[in-house]
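Each value in this text was obtained by applying a stated rule to the coordinates, not by laboratory testing. Keep in mind the model is a prediction, meaning the values are calculated, not measured. Cβ sites come from the backbone with ideal geometry, for glycine too, and all protein chains shown count toward neighbours.
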Amino acid sequence: MSNILQIAQLGNPVLREVAQPVELLADHTVQELIDDLIATMGVGNLGIAAPQVNHSLQVMIIACKPTQNYPDAPIREPFAVINPVLLSTHGDTFFEWEGCLSIPGFRGHVPRPFGITLQYLRRDGEEVTETVEGFLARVIQHEYDHLHGRVYLDRLESMLDLVTEQEFQRLRREDMTR
Ligand code: NI
């Protein structure tokens, strides 16, 4: 049984804390938190981090699939990333629109490095090192920021790159008809 947890919203201090590493990954409370995070993120979202549900722990869930807003996203089943360490980044910085469950009603055009190499634990405790690029690398960097007290707003080059969800949808429709 998993539970839908309440999402901490921008302004909640938990979003600005550096999350603590998980020490006992096999502990049922941690495994339940992972299940609850997956349930809470639902089907329309690409990632969620434990601080967003008021747990200041280095746990995040990444899921990738094409959505209405991101039709070109690759498919990747939900997986847990625990105690991640960003080893390196590579490639040119690129911009893409991002939203956040903790910042409802807004989208930002966020610059991020194209590729990353990340070391982390899977939920079964296996340590993996993975290099990913493009959209998936972006989703991971967004959630990784949450574990370090950062949100995408901190990455904006200009406040002109922040729009409301309504305006984002209008821009997207315009883009499609171009
Ligand atoms: Ni977020």
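Points to keep in mind about this one:
- Note on R122, R112: ascending count of other Cβ atoms within 10 Å places them as R122, R112, the fewest first.
- Eigenvalues of the alpha-carbon gyration tensor of the stretch 78-178, scaled by 5 and square-rooted, set the equivalent ellipsoid semi-axes at 28, 15, 13 angstrom, largest first.
- Extension gain for the segment S56 to T177, taken as residue separation times 0.36 nm less the Cα-Cα distance, is 39.3 nm to one decimal.
- Maximal additional length on extending the H28-K65 stretch stands at 10.5 nm, based on 0.36 nm per residue less the C-alpha distance.
- Net charge of neighbours whose Cβ lies under 13 Å from the Cβ of S56, counting Lys and Arg as +1 and Asp and Glu as -1: 0
- Whole-number D in µm²/s for the stretch 83-138 (Stokes-Einstein; Kirkwood sum over Cα pairs; 37 °C, 0.692 mPa s): 259
- Label separation (E17 vs T131): 3.6 nm, computed from points 7 Å beyond Cα along the C-beta direction.
- Highest average first, the peptides 84-94, 143-153 ordered by how many other beta carbon atoms sit within 10 Å of their residues are 143-153, 84-94.
- Added length on full extension, which subtracts the Cα-Cα distance from 0.36 nm per residue, L153 to Q119: 9.7 nm
- The ranking of E17, E98 from fewest to most other beta carbons within 10 Å of each one's beta carbon is E17, E98.
- Whole-number D in µm² s⁻¹ for the chain, Kirkwood Cα-pair radius fed into Stokes-Einstein, 37 °C, 0.692 mPa s: 197
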